[in-house]
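Please read the structure below before turning to the comments.
The values are calculated or read from the model by the stated rules, or taken from the named source; none is laboratory data. Keep in mind it's a predicted model, so treat the numbers as computed, not measured. No Cβ is skipped: glycine too gets one built from the backbone with ideal geometry, and neighbour counts run over all protein chains shown. Accessible surface is based on the protein model in full, side chains and every heavy atom, while ligands, DNA and RNA are left aside. Shrake-Rupley method; radii C 1.70, N 1.55, O 1.52, S 1.80 Å.
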Amino acid sequence: TGLYNDAAARRNQEEGDNKLPEKEKVPGWIRFLKEITNWFAILLWVGSILCIVTYVVQPSGNLPNLYLAFVLIIVIFITGIITFSQQAQSEALMEGFKNMLPSSTKCIREGKLTQIPAEKLVRGDIVEVISGEKVPADIRILSSIEMKVDNSPLTG
């Protein structure tokens, strides 16, 4: 018979909606600044500053130290750009997962098949999924007839 509406509302109140948690948006320039000031980048910054200091103290014959300082700074920025772009791609992928959830689904409540918003599903709901529909939540399969699942969005 499924859950009763009052029990489902109580569970929804206790456990929250069936949706991915929202992550606080951090501006891109702050995320990039974090990438070029992580512990490894700080070591490279210190090395480049030391190279510049040795060049300033004794400029004649220490030109390779100045070149090394600039190479280290370039390496810091290149690794920062690469890790920043990888993080941006993974965040875009997580945003794409939000689009995978259907807006509504059919579940059995009080013995009747009812259409409800997918985010109002709770633990214990009995969900009906037919061919071609998106799965609205983590569910346990009670019965199926020739069920096939496309995991390619998750595994690539």
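Name the strands (runs of 3 or more DSSP E) wholly within region 97-154 that hold at least 1 residues that are out of contact with any Phe, Trp or Tyr (no Cβ under 8 Å at 6 or more places or on another chain) and without any contact (Cβ under 8 Å) to a residue 12 or more places away in the chain?
Working: elements: 104-109, 112-117, 126-128.
In region 97-154, the matching strands (runs of 3 or more DSSP E) lie at 112-117.
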> Can you find a residue in region 75-91 that is of a type in the set (D, E), open to solvent by less than 80 Å² (accessible area, probe 1.4 Å) and not in a loop (DSSP other than H, G, I, E, B)?
Replying inline: yes
> Does region 111-120 hold any residues that are surrounded by 10 or more Cβ atoms within 10 Å (Cβ to Cβ) and touching a Ser or Thr at 6+ places or on another chain (Cβ under 6 Å), and which are they?
Replying inline: P117, A118
>> Kindly evaluate A88 against the criterion of being under 33 Å from the mean Cα position of the chain (by Cα) and over 24 Å from D138 (Cα atoms).
In response: yes
>> With the requirement that a residue be over 18 Å from N99 (Cβ atoms) and open to solvent by 80 Å² or more (accessible area, probe 1.4 Å), what does region 121-148 give you?
In response: R123, I130, S131, R140, I141, L142, S143, I145, E146, M147, K148
